[in-house]
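Working notes, beginning with the structure itself.
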Amino acid sequence: MLLRPALETDVDLLTDLVVEAVNWTGEQRVTVADVGTDDHLARYVEGWGRPGDVGVVAVGDAGEPLGAAWVRLLTADRAGWGFVAEDVPELSLGVLAPGRGAGAGSALLDACLDAVRAQGSRAVSLSVEDGNDLARGMYERRGFRVVGREGGSDVLLLDLSTSTTPAGRQKV
């Protein structure tokens with residue numbers, strides 16, 4: 001697996017991964033078409049590559065995409081599910097079936113957090129649904145803590161001024 005920065009040309013992949021992230025239970029709750037027509041879903045990918053957007057893509061040995069983790073700043077009037085503040089980027093992460101169970105999610109998360117630290121953000125937030133215990137554990141092991149509730153999900157926050165970077169990872 002290779003990690004590389006997310007590019008403006010990755011918007012279709014990120015759109016696919018929004019679908020994967022929402023459909024994490026295996027139930028098809030949204031489609032790619034929904035991401036284009038639902039304002040709440042679209043805000044995670046529309047205009048990807050604007051100032052403040054940063055992400056990491058994992059690709060397999062044959063160059064096939066395995067997943068991505070990305071952050072973007074959202075505004076209070078177009079808040080995401082994990083919104084905390086306008087100066088705190090919200091993280092999204094999705095892994096396609098070929099990358100699951102091979103450490104892609106952890107590698108993507110760690111590399112994306114490194115990128116967020118490098119751009120000088122004070123914190124990063126996200127939303128994790130009830131029952132998504134694997135993802136929740138991955139986030140909590142890195143220091144994310146519950147700071148709110150939105151529907152059937154917890155809003156988690158990682159204070160980057162107090163968290164540490166796990167050693168032994170591939171840098172992007």
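Which of the residues belonging to segment 37-91 are under 20 Å from Gly151 (Cα atoms) and among the polar types (S, T, N, Q)? Hit for segment 37-91 is Thr75, nothing else. All conditions but one from (1) farther than 12 Å from Phe83 by Cα; (2) modelled with pLDDT of 95 or more; (3) not small (Gly, Ala, Ser) apply to Leu126; the one that does not is (1). Residues in segment 145-172 that are closer than 18 Å to Gln119 by Cβ, modelled with pLDDT under 95 and among the charged types (D, E, K, R): Arg169, Lys171. Within segment 119-142, residues that are within 14 Å of Leu158 (Cβ to Cβ) and open to solvent by less than 20 Å² (accessible area, probe 1.4 Å) have Cβ atoms under 8 Å from residues that are acidic (Asp, Glu) and modelled with pLDDT of 95 or more in these pairs: Ala123/Asp159; Val124/Glu90; Ser125/Glu90; Leu126/Glu90; Val128/Asp154, counting only partners at least 6 apart in sequence or on another chain.
The values are calculated or read from the model by the stated rules, or taken from the named source; none is laboratory data. Given the structure is predicted, the values throughout are model-derived calculations rather than measurements. Neighbour counts run over all protein chains shown; Cβ positions are idealised from the backbone, glycine included. Surface areas here come from the heavy atoms of the whole protein model, side chains and all, with no ligands, DNA or RNA. Shrake-Rupley method; radii C 1.70, N 1.55, O 1.52, S 1.80 Å.
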